[in-house]
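**Q** This is the structure I have questions about; it appears just below.
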Amino acid sequence: MERLPGFRDFYPEPVPSGDALAWSASLRGHIHSTWRRVAQRYGFAEYDGPPLEPLELYKVKSGEEIVQQLYHFVDKGDREVALRPEMTPTLARMVASQARQYKKPLKWFAIPQLFRYERQQKGRLREHFQFNADIVGESDPAADAEVIALLVDTLRAFGFQPADVVVRISSRQAWQEFYRRHTPAELQGPEREYAFYQVIDKWERTSPEETRKKLMELGIGWESVERFLQESVPTQELTAVLENLRARGLSEYVQVDYRVIRGLAYYTGIVFEAFDRQGRFRAIAGGGRYDHLIRLISGGRVDLPALGFGMGDVVLAELIRARGLAPAPPPRVQVFCLVEDESLRAPTLPLVQQLRDAGLAVDHPLGPEKPDKQFKRARDAGARFVVSLARDPDGTIRAQVRDLQTRTSTVCEPDGVLGRIRAALSGAGEAVGSQPGDGP
Ligand code: HAM
């Protein structure tokens with residue numbers, strides 16, 4: 001049975017080679033825990049919603065491109081439903097339905113798995129995890145700066161430097177004004193305006209001839225757009241955001257770039273995207289202000305300004321690997337308890353249980369196996385300690401604790417094993433009875 005195209009399998013390390021969609025579960029864990037850690041540092045609270053939503057939720061205002069990419073079907077109750085392609089409409093729906101419950105501004109984050117039926121290509125799959133961080137209920141540009149700072153600090157937490165990544169900041173409002181100024185009044189209209197944004201969004205990926213043709217159809221001159229892009233004069237709002245970021249010492253990570261406009265239809269103000277500096281990868285993250293979405297989704301009942309971003313794990317992981325920033329996978333266990341003699345399995349089990357209860361990661365062989373094979377298993381699992389029980393001639397059971405890191409070994413009663421391991425882990429010096437060099 002084959003895996004569906006554009007979907008990944010996450011394997012434990014070492015990940016099988018030769019399959020581009022066999023991914024590392026360990027790298028995924030690193031990415032998710034880093035996202036969560038930085039979001040919490042900024043005082044964001046975690047939320048989540050259902051992976052399946054009413055189709056209608058996305059038809060309202062996500063924009064045509066995403067609607068075309070929906071995985072949707074009619075469920076057994078005759079409802080038109082869709083797998084979530086993005087988190088923002090769910091957030092807007094959740095906030096709208098509980099708006100009175102929470103003090104504003106809300107600072108919320110989520111790590112949903114999203115589904116888009118896209119053409120599979122480098123950096124784009126049919127499923128991805130996306131870190132979402134949004135602020136609801138604050139219209140001051142300080143909120144835009146806070147969200148962009150969180151984006152930058154997330155990238156920094158993975159080890160990226162200003163030479164590696166940049167957040168390009170732009171303004172939908174600036175483009176809106178440009179559109180109104182440069183389009184003959186009789187050609188203006190919301191659909192044509194959105195079509196214009198789509199042309200700008202695809203500017204870098206489309207040939208100048210094709211772009212010129214599309215602009216002409218919209219009644220806009222290519223030269224005026226080109227000039228506007230070159231000048232990229234920051235709006236008042238953008239200037240406030242840049243100053244805020246400068247005060248935080250994050251200027252090196254951002255630049256004004258009006259080529260960014262964002263494909264999604266609901267953005268209203270400042271918009272931004274994060275890229276690798278060399279421009280060899282697709283966008284790592286994208287976001288912006290969407291001050292009318294909550295009103296739209298709540299049918300006018302709740303009206304709150306909002307903004308945020310989404311950072312996918314696909315391009316991010318590609319970039320982490322390309323820069324050699326993936327951490328070594330953590331050891332699977334700390335302690336391995338050998339069972340060298342099957343008659344000692346019964347007394348080994350309470351020891352395994354006791355160590356696990358104490359919070360240690362512990363493994364042991366599940367069936368009879370030669371001691372050297374067990375030892376190899378312990379090493380492969382990354383165990384620092386190998387514990388084995390032995391019976392003295394008088395029947396007393398003793399434990400040997402070998403520390404593979406310090407290459408020392410101690411002998412104690414089974415009840416003393418936990419204390420020895422704790423002492424070694426807290427760096428409390430050599431345990432009584434240790435014999436340097438007595439490692440395996
Ligand atoms: P988006 O630009 O569609 O924005 O997606 C954000 C990021 O998710 C992209 O920059 C990319 O890293 C990743 N991504 C998107 N589609 C795929 C795909 N098919 N495969 C792999 N990665 C992908 C949004 O989704 C907005 N809802 C973000 C947002 C939150 N805006 C405000 N708050």
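The values are calculated or read from the model by the stated rules, or taken from the named source; none is laboratory data. No experiment lies behind these values; they were computed from the predicted model shown. We place every Cβ from the backbone using ideal geometry, glycine too, and count neighbours over all the protein chains shown. Remember, those area values only see protein heavy atoms, side chains included, never the ligands or the DNA or RNA. Shrake-Rupley method; radii C 1.70, N 1.55, O 1.52, S 1.80 Å.
**Q** Any idea how far the Cα center of segment 1-62 sits from the one of segment 289-304, in Å?
**A** So the separation of the two Cα centres works out to 27 Å.
**Q** I've got another one for you. What share of Cα pairs, in percent, lie more than 17 angstrom apart in segment 270-373?
**A** 73 percent
**Q** Among the trypsin sites (Lys or Arg not before Pro) in segment 113-180, which ones are in a DSSP loop with at most 16 other Cβ atoms within 10 Å of the Cβ? Mind listing them?
**A** Arg119, Lys122
**Q** Taking a 1.4 Å probe, which of Arg384, Arg227 shows the most accessible area, and what order do the others take after it?
**A** So the residues, ranked largest to smallest area, are Arg227, Arg384.
**Q** Convex hull volume of the Cα atoms in segment 180-259, per residue, in Å³?
**A** Residue-normalised Cα hull volume stands at 108 Å³.
**Q** Turning to a different aspect of this structure: Which aspartates and glutamates have a Cα lying under 12 Å from the Cα of Lys122, excluding residues fewer than 8 positions away in the same chain?
**A** Partners found: Glu318.
**Q** Please calculate the 1.4 Å probe accessible area of Lys61, with all protein chains present, and give it to the nearest 10 Å².
**A** Lys61 has an accessible surface of roughly 80 Å² with all protein chains in place.
**Q** Can you list the lysines whose alpha carbon sits under 24 Å from that of Lys61, skipping same-chain ones fewer than 8 residues off?
**A** Candidates past the 8-residue exclusion: Lys104, Lys107, Lys202, Lys214.
**Q** Mind checking the per residue accessible area of segment 299-421 for me, 1.4 Å probe, whole number of Å²?
**A** Roughly 48 Å² per residue, with all protein chains present.
**Q** Distance between the C-alpha centers of segment 141-216 and segment 66-110? Whole Å please.
**A** Taking the Cα centre of segment 66-110 as reference, the centre of segment 141-216 is 24 Å away.
**Q** Give, in whole angstrom and from largest to smallest, the semi-axes √(5λ) of the equivalent ellipsoid of segment 123-257, with λ running over the eigenvalues of the Cα gyration tensor.
**A** Computed over segment 123-257, the values are 30, 19, 15 Å.
**Q** On to the next question. Among Met1, Met94, what's the order by accessible area (1.4 angstrom probe), most exposed first?
**A** Ranked from most to least accessible, the order is Met1, Met94.
**Q** Another question, then. With the Cα gyration tensor of segment 239-317 giving a ≥ b ≥ c as the square roots of its eigenvalues, does the rule (a/c under 1.5 for rounded; else a/b larger than b/c for prolate; else oblate) give rounded, prolate or oblate?
**A** Taking the square roots of the gyration eigenvalues as a ≥ b ≥ c, segment 239-317 is oblate.
**Q** Tell me, what is the Rg over Rh of segment 127-186, with Rh the Kirkwood radius over Cα pairs?
**A** Taking Rg over the Kirkwood Rh, I get 1.12.
**Q** Keeping all protein chains in the complex and leaving out DNA, RNA and ligands, what accessible area do you get for Asp19 with a 1.4 Å probe, in Å² to the nearest 10?
**A** Accessible area of Asp19: about 60 Å².
**Q** Another one. Is segment 335-436 best put as rounded, prolate or oblate by its Cα gyration tensor, with a ≥ b ≥ c the root eigenvalues, rounded for a/c under 1.5, and otherwise prolate when a/b is larger than b/c, oblate when not?
**A** rounded
**Q** Using a 1.4 angstrom probe, figure out how much accessible area segment 155-260 has per residue, in square angstrom, rounded to the nearest whole.
**A** Per-residue accessible area for segment 155-260 comes out at 53 Å².
**Q** Using 20 Å bins from zero, what percent of all Cα-Cα pairs in the chain falls into each bin?
**A** 21, 43, 24, 11, 1, 0
**Q** If we count chymotrypsin sites (Phe, Trp or Tyr not before Pro) as exposed when they sit in a DSSP loop and have at most 13 other beta carbons within 10 Å, what is the longest stretch of the chain that avoids them all?
**A** The longest uninterrupted stretch comes out as 103-440.
**Q** Could you work out [θ]222 nm for the chain from helices alone, using -39500 (n - 2.57) per DSSP H run of at least four and dividing by all its residues? Round to the nearest 500 deg cm²/dmol.
**A** -10500 deg cm²/dmol
**Q** I would also like to ask the following. Quantify, in whole percent, the carbon and sulfur part of the accessible surface of segment 335-436 (1.4 Å probe; protein heavy atoms only).
**A** Heavy-atom surface of segment 335-436 belonging to carbon and sulfur, 1.4 Å probe: 52 percent.
**Q** Related question: Leaving ligands, DNA and RNA out of it, work out the accessible area of Glu340 with a 1.4 Å probe and give it in Å² to the nearest 10.
**A** 90 Å²
**Q** Next question. In the chain, what percentage of the DSSP-assigned beta bridges are antiparallel, given to the nearest 5?
**A** Of the beta bridges lying entirely in the chain, close to 80 percent run antiparallel.
**Q** Right, another one. Using only alpha carbons, build the gyration tensor for segment 57-113 and give me the equivalent ellipsoid semi-axes, biggest first, whole Å.
**A** Listed largest to smallest, the semi-axes of segment 57-113 are 25, 14, 11 Å.
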